[in-house]
Amino acid sequence: MDAATRQHIEEAFLEVSRGATRKKLYGLRAEQDGELQLARLFRAIAVSEEAQALRLLFQLRGQTGKNEENCQLAFAEEIPELISRVEQAAETAEKSGERAMYSAFSQSAQVGRKHLILKKKLDKNRGLDTAYHVCTFCGFIMEGDAPDNCPICSAPASRFKKV
Ligand SMILES: [Fe+2]
């Protein structure tokens, strides 16, 4: 693959990845305003853009990679890097008195650290067979049943999505 094509794929990947999350937000707004068909359309576009992002990433990587390599990338590089970034962002937000963003970034760091803990638990128990419940507000992941309230952001059990 030539360099220009690769760059176009990388740019399109970032754009559709961001776009999918934006469409989810637009869908929520449309739902709040009672525009249900518009909300559905935004949600459908979000799913569409997620599919396109996955396809583009597949083109970039050429393959899905081996589990061992993907685990190395996710748990030794990507997640620790994300934790470090949001910790720095939390520090900056605290210094500038941005309390809401300090809280959001700190919670993201806690959520990321929990992801690493969950992987360690899986490594210790390869026979593990449990559902995960994800807080759709802050991203916290709970093993087994959803908690009554999210331990990170206090969202109620109804905000958890089972995986
Ligand atoms: Fe939460």
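Scan the stretch 38-67 residue by residue and report those that are among the aliphatic types (A, V, I, L, M), modelled with pLDDT under 95 and open to solvent by 70 Å² or more (accessible area, probe 1.4 Å).
Matches in the stretch 38-67: L54 only.
Yes or no: L116 surrounded by fewer than 17 Cβ atoms within 10 Å (Cβ to Cβ) and out of contact with any Lys or Arg (no Cβ under 8 Å at 6 or more places or on another chain)?
When the stated conditions are applied, L116 passes them.
Do any helices (runs of 4 or more DSSP H) lying entirely in the stretch 55-163 carry at least 1 residues that are away from the ligand (no atom under 15 Å from the Cβ) and β-branched (V, I, T), and which ones are they? If you could, list the steps in order and put the result at the bottom.
Numbers: elements: 67-71, 79-95, 99-124.
Passing ranges, in order: 79-95, 99-124.
Which one of the conditions (1) at pLDDT below 95; (2) open to solvent by 80 Å² or more (accessible area, probe 1.4 Å) does E35 fail to meet, given that it meets all the rest?
(1)
The values are calculated or read from the model by the stated rules, or taken from the named source; none is laboratory data. Nothing here was measured: the structure is a model prediction, and the numbers come from that model. Glycine also receives a Cβ, built like all others from the backbone with ideal geometry; neighbour counts cover every protein chain displayed. With ligands, DNA and RNA removed, areas are computed over all heavy atoms of the protein, side chains included. Shrake-Rupley method; radii C 1.70, N 1.55, O 1.52, S 1.80 Å.
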